[in-house]
Amino acid sequence: MTQARGFIEVDMFSEDVDSKGHPIALSFREVLEEVAGEYGCGLTHFEVNEGTVSFSFDDDRLMAQILQILHNFEKEPTQ
């Protein structure tokens, strides 16, 4: 039985970054693949739509750490 995994979705770029083949998106994907390598896991999903990136790794601990970082970032006051 295959376990379903969720995605992390983040508004990261301007709306003109609208495909996973865009140079900015490709650079971000490389970063995600480096992180996956450091954690000994794989990047299982990567999509870009109008500046919004969705991605997933096959490591629940890494996914939880990223969600925690994003949660903490949202709580920080803007200057």
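The values are calculated or read from the model by the stated rules, or taken from the named source; none is laboratory data. Since the structure is predicted, the reported quantities are computational estimates derived from the model, not experimental observations. Please note: Cβ atoms are built from the backbone with ideal geometry, for glycine as well, and neighbour counts cover all protein chains shown.
Data overview
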| item | result |
| --- | --- |
| Test: residue 24 is at pLDDT below 95, surrounded by 14 or more Cβ atoms within 10 Å (Cβ to Cβ) and out of contact with any Asp or Glu (no Cβ under 6 Å at 6 or more places or on another chain) | no |
| Residues that are within 17 Å of residue 64 (Cα to Cα) and of a type in the set (Val, Ile, Thr), drawn from the stretch 1-51 | 8, 10, 35, 44 |
| Those residues of the stretch 1-51 which are out of contact with any Ser or Thr (no Cβ under 6 Å at 6 or more places or on another chain) and of a type in the set (Lys, Arg), in sequence order | 20, 29 |
| Strands (runs of 3 or more DSSP E) lying entirely in the stretch 1-61 (those with 1 or more residues that are over 22 Å from residue 74 (Cβ atoms) and either touching a helix residue (DSSP H, G or I) at 6+ places or on another chain (Cβ under 9 Å) or in contact (Cβ under 8 Å) with a residue 40 or more places away in the chain (or both)) | 43-49 |
| Residue list for the stretch 27-41, restricted to those being over 10 Å from the mean Cα position of the chain (by Cα), loosely packed, with under 13 Cβ neighbours inside 10 Å and not acidic (Asp, Glu) | 27, 37, 40 |
